[in-house]
Every structure is written in structure tokens, then in C-alpha cells.
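Student: Once you've had a glance at the structure underneath, I'll fire off some questions.
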Amino acid sequence: MIPALIAVHVVSIVIWIGGVVFVTTVVFPTIMTMEDSMEKVIFFQGTERRFAKIAKASVVVAGITGVLLLQLEGRWHVLFSLSGIGPTLMLILWTMFVFMLLFEAKIFSFLFRGTAQHDTKKIFRKLAASHWVIMLVSLMVIAIGIIANHSGW
Ligand code: HEM
């Protein structure tokens, strides 16, 4: 049961974080090459709307399987301790993403406060930069999760 749950858990992470990598390394650089502001916004909204649905579904599956794994492994007590560094970082990152997906409109208006509507270049530069941070942190959590789980920490 646990190996199958880890498999479903990791596949949902691959779809979700794989999507973040694609958006960061392909979608935003493509948007930055576009001259027309309206074209940027339409392309971004089209991509973001489609990926948001996939991301939300993957986040739900990752959360449910993650909690089930903690329960079946009886490892709730390791959370927020060194021996539980893997699931602890996963839980923190998962919670951050849930907030980002739930309050993305508010986060966007905060990110772009004081940025003139027409300054799309600046808006997308900020979005691209924030996605690089999110992507690198997520990849780090995956690496630590695997190392922690296979080195008997
Ligand atoms: C509610 C959030 C989450 C919980 C409770 C959770 C919990 C767990 C648990 C208990 C395991 C089994 C291995 C272990 O006990 O260390 C596991 C495996 C794993 N998790 Fe999570 N997880 C969550 C979210 C995430 C996220 C957001 C990521 C990556 C961005 C992630 C990446 C992984 C990976 C790569 C493994 C496989 C480790 C291995 O066996 O090689 N998880 N998770």
C-alpha cells in the first residue's frame, strides 16, 4: 500500500512541479519575446488558466497521499524535527502553494501594486522572477525529500 501511495504522491508532484518548471523556463521567456502587451496578457491568461486547473488537482492529490503516508507510516511525531525534515519541508511548501492558488488574485494585486497597468514588461519580469524562486525551492524540497527518505535520517 505505502509504495503505491508514494508512487501516486510522486506522480502528482511531477505533474505539478514539472508544470512550474515549464511555466518558468518556457512560458515566461516566450512572453518576454512578445512585443505587443495585449498578446502577452492573452497568452499568459490562456496558459495560466489551463495550468491552474491541473496544478490545483495535483496539489489536492499530493496533499491527500502525503497525509495518508504520514498516517500509515505513523510518522506525525517526526514533523518539525530533523528526522522529519523531508515531510516537514513538503508540508510547508504544500501549504504555501495552497495559499498561492487560493489567493492568487490578491497576491497578483500585491505583486503589482504601484506598477502602471500598461507596464506589462515590468509586471512579467516580476512574475518570472517570483516563479524562478518558487521553482528552485520546490526542486530543493524534492531533492531533500528523496535524500531524507533514502538515507534513514
Ligand atoms: C501535505 C503535504 C505533504 C505531506 C504530508 C507529504 C508527506 C510525505 C511522506 C510521509 C512521504 C514518504 C516518505 C517519507 O516518509 O519521508 C513523502 C514522499 C515524498 N514526497 Fe511528500 N508530502 C507532501 C507534499 C510534498 C511536496 C509538496 C513535495 C515536493 C514538492 C513532495 C515530495 C515528495 C517526494 C519526492 C517523495 C518521495 C521520497 C522518496 O521516497 O524517494 N511531497 N511525502
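The values are calculated or read from the model by the stated rules, or taken from the named source; none is laboratory data. Given the structure is predicted, the values throughout are model-derived calculations rather than measurements. Don't worry about glycine lacking a Cβ; one is built from the backbone with ideal geometry, like all the others, and counts go over all protein chains shown. Side chains included, ligands, DNA and RNA excluded: accessible areas come from the protein's heavy atoms. Shrake-Rupley method; radii C 1.70, N 1.55, O 1.52, S 1.80 Å.
Student: In nanometres, what is the gap between the two model label sites at residue 71 and residue 121, each 7 Å from Cα along Cα-to-Cβ?
Tutor: For residue 71 paired with residue 121, the spin-label model returns 5.3 nm.
Student: Would you mind calculating the gained length between residue 102 and residue 11 on full extension (0.36 nm times residue separation, minus the Cα-Cα distance), in nm to one decimal?
Tutor: Value of the extension gain: 30.5 nm.
Student: Using only DSSP helix segments of four residues or longer, with each worth -39500 (n - 2.57), what per-residue ellipticity at 222 nm results for the chain after dividing by its residue count and rounding to 500?
Tutor: Theoretical 222 nm ellipticity from helices: -27500 deg cm²/dmol.
Student: When the chain is fully extended, how far beyond the present Cα-Cα distance does residue 149 get from residue 133, taking 0.36 nm per residue of separation?
Tutor: Working it through step by step, the gained length comes to 3.3 nm.
Student: With every protein chain present, what accessible area does residue 97 have (1.4 Å probe, heavy atoms only), rounded to the nearest 10 Å²?
Tutor: 20
Student: Let me ask something additional. Could you sort 124, 80 by accessible area so the largest value comes first, with the probe set to 1.4 Å?
Tutor: Greatest to least solvent exposure: 80, 124.
Student: Another question, if that's okay. Can you work out the FRET efficiency for the pair residue 95 and residue 43, with r the C-beta to C-beta distance and R0 = 25 Å, to the nearest 0.05?
Tutor: 0.25
Student: Roughly speaking, what is the stretch gain from residue 81 to residue 109, that is 0.36 nm per residue apart minus the C-alpha to C-alpha distance, in nm to one decimal?
Tutor: Extra length from residue 81 to residue 109 when fully extended: 6.5 nm.
Student: Using a 1.4 Å probe over the heavy atoms of the protein chains, calculate the carbon and sulfur portion of the accessible area of the stretch 25-153 as a whole percent.
Tutor: 73
Student: Taking only protein heavy atoms into account and a 1.4 Å probe, give the accessible area per residue of the stretch 2-151 in Å².
Tutor: Value returned for the stretch 2-151: 59 Å² of accessible area per residue.
Student: Choose one answer from 28, 99, 51: the residue with the largest mean-square fluctuation in a GNM of the chain with alpha-carbon springs under 10 Å.
Tutor: 99
Student: Related question: Can you put 94, 132, 16 in order of accessible area, largest first, using a 1.4 Å probe?
Tutor: Putting 94, 132, 16 in descending order of accessible area: 132, 94, 16.
Student: Given the whole protein assembly as supplied and a 1.4 Å probe, what does the accessible area of residue 109 come to in Å², nearest 10?
Tutor: Looks like 70 Å² after rounding.
Student: Would you count, across the chain, every pair of lysines whose alpha carbons are under 21 angstrom apart, provided the pair is eight or more residues apart or spans two chains?
Tutor: Lysine pairs meeting the criterion: 10.
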